[in-house]
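Following: one structure in structure tokens, then a few remarks.
Nothing in this text is a laboratory measurement; each read-out follows from the coordinates by a stated rule. Source: prediction; values computed, not measured. Neighbour counts run over all protein chains shown; Cβ positions are idealised from the backbone, glycine included.
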Amino acid sequence: MRKPALRTSVARTSAVFLTFVLAALLVAGCSTLNTLGAMLGSQVTFTQPQLQHALNRNFPKEYDKLGGLVSLRLTNPTLSIPYDSTRLRLDFDVGLSALGSSSLATTGHFALSSGLRFDPGTRGLHLQDPVIESVHLPALGEVMSGSSRELLGSWLDDYAREEPVYRLDSSLLDRISARRIDSTAIERGVVVINLGE
């Protein structure tokens, strides 16, 4: 009589152990996919939440412009990838202060649209051909002066050149190291890196 009880106990223990191992593998696989992006044949894709998470880690940012006469503070980046567009949209809250003013509190909002490009130097996805779509700065009377537009344009040029929106993980780069990155595109609401041989 003891043998059936022992077999049942061993079977239960084995089933629990197997379930635990499968669950651990599933969780590890899902977390890797989230971190690395989905690799499908000759493409690697990234979703809006992945890029948003990277932006959240890197903001707020402060910049001194015009030789320190003006400071710019950018906070609360919000990224969206319209399904029917080849460009993403980035919205920021912005704070401005002039020389002698210590406040960089939020004074407005601006939005831009942009394509993306891969930069091997930073191993990241950078804005490509960004365009300021809208600016709302109530402190300036809703009218954006030439110097304010120049300040935002100068920041945007620097940001697109030097700072990635998303930096590729070393594990992903190792997985695709035998391939070259041919192009980066925005298609059907995701960012796609096209790989060559």
Worksheet entry | Residue ID - surrounded by the most Cβ atoms within 10 Å (Cβ to Cβ), chosen from residues in region 53-92 that are assigned to a strand (DSSP E or B) and of a type in the set (Gly, Ala, Ser) | SER71
Worksheet item: Looking at region 153-191, which of its residues are over 27 Å from LEU74 (Cβ atoms) and in a strand (DSSP E or B)?
Response: ARG180, ILE181, ASP182, SER183, GLU187
